[in-house]
Amino acid sequence: MTAGDSIVSNSDRDLMKRLTLVLALIFAFAAAFTHLERTYSRKFFDITGEARWIWAQHRMSDNVPLAFFAARDFTLPANRVYTRLKVLGDPEYTVFVNGVEIAGRRVSGSRGEVAEQAIDAYDISERVRTGRNRIVIAVRAPQGAGGLIASIDIAPEVANWVVTDQEWKIYREWDPQILLKDLAGWQPPSVIGPPPVGRWNYLDAVNRPVASPPTVVTPPVDAFEQIGLIPRIKTAGGVAVAGSEEERATAFDFGFTKGRVRLIDENDRPVSEAVSVRFAFDRAELRLAEWNLRPVVFAPGEHVVTTPETHDFRYVMVFGRGVRAEVVR
């Protein structure tokens, strides 16, 4: 044996074999993961295509209420098979097409609980026309964080004809004219990215009915002042402490009823603000801090907001001066 020769022991050979096996397993796992990622990404791409999650230009970490309106004009060809809208606005959205409210849903609760994470699919063929159309999506976020994604199909082989992207216009203040046309004062959206991203995973489309405009408006049979409890979190000595505080409210008695709640606000708000609403069957429940509390966010210039979901209740208690309630069906 010469001085240039090296000696490889049996233990070294075993170690090299083990390292080679580990590297092979890592490579196989990476390849499998990449394949799985591509498969699921393709699955979601087939649902929403080039659509992106978008949001208003807003610091989500500020944890302040936000309401805005995402708008887009779009053109439909005459030879379409149908017009199908797929949309998810988290935590809460309402859709207007050609100036008429057609759908909405509360996706996440005030404490972040998820009601149902799915892309909502609506057949809007009867609500659109050949040529120019307009869609406006109102989004409300009590903590200011969330996402909006939407796309429109016009045939089985022509999916995602219109998608949420940087071309949409974001309005931070309400004006009823934005349901019909573009106005000054809009901002470009903040593009979060394609799915899956953040807390939104691979979501299937769920067919939902298009809503009919309300035809019955029911005022309360009585209204009275009430002291209610609101949950609060305070920081004392660097420690977060959960508790509750008394706050003045107005309770509206509708008798036992069911419907959507329309809030009419007489205040002029310079920024988005959340009004707390409590639903109850019994008057004693109006005092409970944790009972059925729901925030409703008003945008600047907005004086009427209707909850997208239907409620069963007798009392509606509103924490906020100058805000009254009625029921629409």
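No value in this document is a laboratory result; all are computed from the given coordinates. No experiment lies behind these values; they were computed from the predicted model shown. Please note: Cβ atoms are built from the backbone with ideal geometry, for glycine as well, and neighbour counts cover all protein chains shown.
At a Cα cut-off below 29 Å, give the lysines reachable from LYS169, other chains included and same-chain residues fewer than 8 away excluded.
Those lysines meeting the cut-off are LYS43, LYS86, LYS181.
With springs only between Cα atoms under 10 Å apart, run a GNM on the chain and tell me which of ALA289, ALA150, ALA184 wobbles the most.
It is ALA184.
Fewest to most neighbouring Cβ within 10 Å: what's the order for MET16, MET317, MET60?
Least to most surrounded, the residues fall as MET16, MET60, MET317.
Compute a Gaussian network model of the chain, connecting alpha carbons closer than 10 Å, and tell me which residue from ASP268, ASP73, ASP123 fluctuates the most.
Evaluated over the chain, the most mobile residue of the options is ASP268.
Once you place label points 7 Å from the Cα toward the Cβ at SER125 and GLU245, how far apart are they in nm?
Using points 7 Å along Cα→Cβ, the separation is 5.4 nm.
Can you tell me the orientation of helix 10-48 relative to the chain, as the angle in degrees between its alpha-carbon axis and the longest Cα principal axis, to the nearest 10?
That helix lies at roughly 30 degrees to the long axis.
Only Cα pairs under 8 Å and at least 6 apart count here; give the relative contact order of the chain as a rounded whole percent.
Once normalised by length, the contact order is 20 percent.
Order of GLU266, GLU302, GLU309 from fewest to most other C-beta atoms within 10 Å?
Listing GLU266, GLU302, GLU309 from fewest to most nearby Cβ atoms yields GLU266, GLU309, GLU302.
In whole Å and largest first, what semi-axes does the C-alpha gyration tensor of the chain yield when each eigenvalue is scaled by 5 and square-rooted?
47, 30, 18
Give the span of the stretch 196-279's Cα atoms along each principal axis, as three whole-Å numbers ordered largest to smallest.
Here the Cα extents, ordered largest to smallest, are 52, 48, 31 Å.
If you project the alpha carbons of the stretch 216-329 onto their three principal axes, what span does each projection cover, largest first, in Å?
Largest first, the stretch 216-329 extends 52, 35, 24 Å along its Cα principal axes.
Fully extended, how many nm does the chain gain between GLU290 and VAL191 (0.36 nm per residue separation, minus their Cα-Cα distance)?
Extra length available between GLU290 and VAL191 comes to 32.1 nm.
By what distance, in whole Å, do the Cα atoms of the stretch 53-207 stretch along each of the three principal axes, largest value first?
46, 36, 24
Compare the Cα positions of ALA184, LEU229, PRO270 along the charge dipole of the chain (+1 at Cβ of Lys, Arg; -1 at Cβ of Asp, Glu; about the Cα centre) and return the one farthest towards the positive end.
ALA184
Would you look at the GNM of the chain, springs on alpha carbons closer than 10 Å, and say which of ARG199, ARG314, ARG106 moves the most?
The residue with the greatest mean-square fluctuation here is ARG199.
Spin-label point model (7 Å from Cα, Cβ direction): what's the LYS181 to ARG208 distance in nm?
Reported label-point gap for LYS181 and ARG208 is 3.1 nm.
Hey, got the dipole for the stretch 53-207? About the Cα centre, +1 on K and R Cβ, -1 on D and E Cβ, debye to the nearest 20?
220
So for the chain: antiparallel DSSP bridges make up what percent, rounded to the nearest 5?
Around 95 percent of the beta bridges assigned by DSSP in the chain are antiparallel ones.
What are the GluC sites (Glu not before Pro) within the stretch 126-168 that DSSP puts in a loop, where the Cβ has at most 16 other Cβ atoms within 10 Å?
The qualifying sites are GLU157, GLU167.
At 0.36 nm per residue, and after removing the present C-alpha to C-alpha distance, how many nm does the segment from GLN57 to ARG283 gain when stretched out fully?
That pair, GLN57 and ARG283, stretches by 77.2 nm at full extension.
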